[in-house]
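The structure appears right after this line, and notes come after that.
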Amino acid sequence: MDIKRVGIIANSDKEKAAEYSLRLGRWLSDRGLEVLFEEEIAGKINMPGVSRNDLASAVDMIVVFGGDGTLLMAARMVMGSDVPVLGVNLGGFGFMTVVNLNEMLGTMEMILKEKCSISRRMMLSVSVEGAEYPALNDVVINRGNLSRMVNLETFVDGKYLSTFKADGLIISTPTGSTAYSLSSGGPIILPELDSIIINPICPHTLTKRPIVLPPESIIEVIVWTKKGEASMTLDGQDLFILKSGDRVGIKKSKNHINLVESPHRDYLEILRTKLGWGELP
């Protein structure tokens, strides 16, 4: 990676976001790199800011301070480009924000020496009401406010799969397999294995289990509700209200995101530590 300009995005609501954004900015500037701050965090540290829409096209790399939610937001910004993104964890779990605060400068040193690897993550393209939207983690279709299950008629490549009578349905990427899908009993898929997971939420029929599909699969879900409406969220960022009979299409996106991997631990160690898997003495 030939890096001359670095963009910094931060969740300004986090306690240490401003302090560490400024610290990293000064460290990079001292080494001759140009630093551009996203306008929200720039306002907190009295620095010039760049809008989110313009930042990705102006830099060679982006550093994100926050949790996975902040990184998911940043993924929308860099979508369609090869700009790598480094997540520095200011949150709790942090499967995508893999670098801790005390590792930040050491990691940047290794990145500048081109000693870090890049993980290319697939994204989903979601079509609803004639428009298309991106998702890096997952698409979640949920029942409405009333405590009634929805019927989700599901097709794969134009062939009928099943009608899931459930609280909802999660369609996930491997990146999203450690998010809501994992909490709903879904499998963990390593990021290198491009695939799409269909995972019902609290299905009425217990034999309805998660299924892993090839990445080329095209999924269509028709929402049927007896009363009220259903909702759909993309990466927990975008909310759509669905009516009975609405159709949602999901397929692999032509876009992707490049995440900088931690030089301190591999993905299996991240799984082990984040999920609290014990080891034999």
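Once the Cα-Cα distance is subtracted from the 0.36 nm per residue extended length, the Glu216 to Arg52 segment shows a gain of 55.9 nm.
Placing dummy labels 7 Å off each Cα toward the beta-carbon, the span from Arg5 to Ala131 is 2.9 nm. Residue separation of Arg148 and Asp60 scaled by 0.36 nm, minus their Cα-Cα distance, works out to 26.9 nm of gained length. The charge dipole of the chain, taken about its Cα centre with unit charges on the Cβ atoms of Lys, Arg (+1), Asp and Glu (-1) only, comes to about 700 debye. Dipole of the chain computed with +1 at Lys/Arg Cβ and -1 at Asp/Glu Cβ about the Cα centre; of Leu55, Met73, Ser183, farthest Cα towards the positive end is Ser183.
The alpha-carbon atoms of region 123-255, seen along their principal axes, cover 41, 34, 29 angstrom, with the largest extent given first. Region 108-179 and region 32-93 have their alpha-carbon centroids 23 Å apart.
In a simple Cβ point-charge model (Lys, Arg +1; Asp, Glu -1; nothing else charged), region 19-86 has a dipole of about 120 debye relative to its Cα centre.
Kirkwood-type hydrodynamic radius, region 1-98: 13.1 Å, calculated from all non-identical alpha-carbon pairs. Region 3-18 and region 250-281 have their alpha-carbon centroids 22 Å apart.
Binning all Cα-Cα separations of the chain at 10 Å, short to long from zero, yields these whole-percent fractions: 6, 28, 31, 21, 11, 2, 0. Seen from all directions on average, region 81-201 presents a Cα convex hull projection of 10.1 nm².
Placing +1 on each Lys and Arg Cβ and -1 on each Asp and Glu Cβ, with no other charges, gives region 123-255 a dipole about its Cα centre of roughly 540 debye.
Every number here is computed from the coordinates shown, using simple stated rules; none is lab data. Since the model is a prediction, treat every value here as computed from it, not as a measurement. Note that we place each Cβ from the backbone using ideal geometry, even for glycine, and neighbour counts take in every protein chain shown.
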